[in-house]
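Engineer: Let me give you the structure first, and then I'll get to my questions.
The values are calculated or read from the model by the stated rules, or taken from the named source; none is laboratory data. Computed from a predicted model, the values in this text were never measured in an experiment. Quick reminder, even Gly has a Cβ in these numbers, built from the backbone with ideal geometry, and neighbours come from all protein chains shown. Surface accessibility is based on the protein's heavy atoms, side chains included, excluding ligands, DNA and RNA. Shrake-Rupley method; radii C 1.70, N 1.55, O 1.52, S 1.80 Å.
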Amino acid sequence: MLFENNIPYATLKTLLIVVGTLGMMCSTTKFKHSRKRIALILFLYLCYVSVSSAAIIVLFGYTFFLRIFLLTISAPAVYLVFRLAGDQPSKAVFNYATQILFSLYAAASITLINTAIHGAERTDFLIRLAVYSIIVLSEYRFLRRPFLQISAITKNGWLILALVPCSLMVLSVALASYPVPYTQNQTGVMFVYLLGAVIVIIYFALFQYLFIQYRFQTAKQNLEFLEFQVENLKDKIALDAKTEEKSRIDRHDTRHRFQTVASLLENGKTSEALDYISRSVPLFQTEVPVTYCKDILLNATLSSYFGQARESGIELETHLSLPDSLPVDSGEFSIVLANALENAIKACRLLPEGQRKIICKCIYKPKLMLEISNTFGNTVILSKSGIPESKEEDHGIGTRSIMAFCKKYDAFCSFTAENGWFTLKVVL
């Protein structure tokens, strides 16, 4: 039952479907504008939908309306949400067209169900309201975070992917409305749902592709971190070699200085000897390299980031007790340290001097535990699962890298932000 002869309800039903579809689109979208502005623009859009839909149905009939709604309703919705979100165009089209395609099948299925039970307008309305509410809430709860994570790190291939839902959407509308509406064509219903089965298979393959891209990009980022650690390691080795060379030269010169002092003392020139010693003391003051642990990669990582912290005027408090060999890959653990310390240093740099402090604890008995705490000034938003949420699209990748490490090694991970202190704790 399309209720095409009941113009007011046909318009109300269209409006309900549009609101539900907008809710689906927004559930997987991160907006850049204020809620008031978003609400105002979407309200004006819904007013346009109501007036234009009623006019088209009255003038040209409901079947014609079904054939052109992709142009009159869907296309403006995609454009508006895209402008409000400011997302990558091809990625936005893929996301929104997919939601519209899903909504088409939901709306058509509800119509068929209501027809089968001989329901009236009220039954049709209540079923649509319940189904769309469940879909929107489910997508926001279970799909929003993984989709935003995958889309944030996956930058390529969206243009080709966007063609898939757009093509399937046009094909679905053609099958459902030509030559007559699907409710009047049992064969049409069969073909629509056969296409639906094909769509499920296609999207299963698409999301497998996106997941592979996500893992590839994460691995690429980890490789970049490792390359960065290797460069730090090379710099530290060069610095240690330079320090060792200077120490060797100083030891060689010390013998001659002792001979000079001895000669002065033998000649009774005590004051000259003391003066010579006092002038020689500063020449022996060399910077001794600090060794935090025996593992070369970990030591280089700690040396590099602790050095950055000191250069930034950050007070450091360290409690380190690391074994000669770790129960995990030292390169991967170095990436966790690098991510955590880099985030801590960035947060501290936003504070005035005197308020910057980082506490780093790493012990291995009874279990390997890493705890890094830092002062912070900005508001930290933690998700329901306790993971920090980043407002900027390209940020938060380091946190996801830490979570990937914890998942791989079945480690406990927690984030807290209390009383001006942000703390990361990882326990294997």
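Engineer: Scan segment 43-57 and tell me whether some residue there is open to solvent by 30 Å² or more (accessible area, probe 1.4 Å), in contact (Cβ under 8 Å) with a residue 40 or more places away in the chain and of a type outside the set (Lys, Arg).
Structural biologist: No; the residues of segment 43-57 include none that is open to solvent by 30 Å² or more (accessible area, probe 1.4 Å), in contact (Cβ under 8 Å) with a residue 40 or more places away in the chain and of a type outside the set (Lys, Arg).
Engineer: What number of residues in segment 417-427 are in contact (Cβ under 8 Å) with a residue 12 or more places away in the chain, over 19 Å from Ile363 (Cβ atoms) and part of a strand (DSSP E or B)?
Structural biologist: Qualifying residue count, segment 417-427: 3.
Engineer: Which number in (1) open to solvent by 60 Å² or more (accessible area, probe 1.4 Å); (2) at pLDDT 75 or above marks the one condition that Phe228 misses?
Structural biologist: With respect to (1) open to solvent by 60 Å² or more (accessible area, probe 1.4 Å); (2) at pLDDT 75 or above, Phe228 is out only on (2).
Engineer: Yes or no: segment 380-395 includes at least one residue that is crowded, with 21+ Cβ neighbours inside 10 Å and either part of a strand (DSSP E or B) or of a type in the set (Gly, Ala, Ser) (or both).
Structural biologist: No, every residue in segment 380-395 fails to be crowded, with 21+ Cβ neighbours inside 10 Å and either part of a strand (DSSP E or B) or of a type in the set (Gly, Ala, Ser) (or both).
Engineer: Tell me which helices (runs of 4 or more DSSP H) are completely within segment 43-130 and hold 3 or more residues being hydrophobic (A, V, I, L, M, F, W, C) and under 19 Å from Pro8 (Cβ atoms), or say none if there are none.
Structural biologist: 62-69
Engineer: Looking at this structure, is Thr379 within 30 Å of Ser34 (Cβ to Cβ), free of Cβ contacts under 8 Å to residues at least 24 places away in the same chain and among the β-branched types (Val, Ile, Thr)? Working first, answer last.
Structural biologist: Working: within 30 Å of Ser34 (Cβ to Cβ): yes; free of Cβ contacts under 8 Å to residues at least 24 places away in the same chain: yes; among the β-branched types (Val, Ile, Thr): yes.
The answer is yes for Thr379.
Engineer: Of the numbered conditions (1) within 29 Å of Ala116 (Cβ to Cβ); (2) in a helix (DSSP H, G or I), Phe3 satisfies every one except a single condition; which is it?
Structural biologist: Checking Phe3 against (1) within 29 Å of Ala116 (Cβ to Cβ); (2) in a helix (DSSP H, G or I), the one that fails is (2).
Engineer: Can you tell me which residues in segment 139-171 are open to solvent by 20 Å² or more (accessible area, probe 1.4 Å) and in a loop (DSSP other than H, G, I, E, B)?
Structural biologist: Lys155, Asn156, Gly157, listed by residue number.
Engineer: Ser138 versus (1) more than 21 Å from the chain's Cα centre (by Cα); (2) at pLDDT 90 or above: which is the lone unmet condition?
Structural biologist: Every listed condition holds for Ser138 apart from (1).
Engineer: Let me ask something else. Among the residues of segment 97-117, write down those that are open to solvent by 10 Å² or more (accessible area, probe 1.4 Å), over 19 Å from Gly23 (Cβ atoms) and in contact (Cβ under 8 Å) with a residue 24 or more places away in the chain.
Structural biologist: Matches in segment 97-117: Leu112, Thr115.
Engineer: So which residues in segment 278-297 are under 18 Å from Asp253 (Cβ atoms) and modelled with pLDDT under 65, if there are any at all? Working first, answer last.
Structural biologist: Taking segment 278-297 as the starting set, the residues that turn out to be under 18 Å from Asp253 (Cβ atoms) are 278-288.
Those that are under 18 Å from Asp253 (Cβ atoms) and modelled with pLDDT under 65: Leu283, Phe284, Gln285, Thr286, Glu287, Val288.
Engineer: Also, I was wondering about something else. Arg128 - would you say it is open to solvent by less than 10 Å² (accessible area, probe 1.4 Å), among the basic types (Lys, Arg) and over 27 Å from the mean Cα position of the chain (by Cα)?
Structural biologist: yes
Engineer: Residues of segment 172-196 being open to solvent by less than 40 Å² (accessible area, probe 1.4 Å), under 38 Å from the mean Cα position of the chain (by Cα) and either more than 22 Å from Thr98 (Cα to Cα) or of a type in the set (Ser, Thr, Tyr) (or both), which ones?
Structural biologist: Of everything in segment 172-196, just one residue is open to solvent by less than 40 Å² (accessible area, probe 1.4 Å), under 38 Å from the mean Cα position of the chain (by Cα) and either more than 22 Å from Thr98 (Cα to Cα) or of a type in the set (Ser, Thr, Tyr) (or both), namely Ser172.
Engineer: Given the criterion modelled with pLDDT under 95 and crowded, with 20+ Cβ neighbours inside 10 Å, identify the matching residue among Phe82, Phe60, Phe31, Phe94.
Structural biologist: Phe94
Engineer: Also, quick follow-up: Give just the number: which of (1) over 21 Å from the mean Cα position of the chain (by Cα); (2) over 18 Å from Ile314 (Cβ atoms) does Gln355 not satisfy?
Structural biologist: Looking at each condition in turn, Gln355 falls short on (2).
Engineer: Scan segment 296-341 residue by residue and report those that are among the β-branched types (Val, Ile, Thr) and in contact with a helix residue (DSSP H, G or I) (Cβ under 7 Å, 6 or more places away or on another chain). Don't jump to the end; show me each part of the working.
Structural biologist: In the first step, residues of segment 296-341 are kept if they are among the β-branched types (Val, Ile, Thr); the result is 296, 301, 314, 318, 328, 335-336.
Within segment 296-341, Ile296, Thr301, Ile314, Ile335, Val336 qualify.
Engineer: Can you confirm whether segment 70-92 contains a residue that is more than 30 Å from Arg145 (Cβ to Cβ) and more than 30 Å from the chain's Cα centre (by Cα)?
Structural biologist: Yes - at least one qualifying residue is present in segment 70-92.
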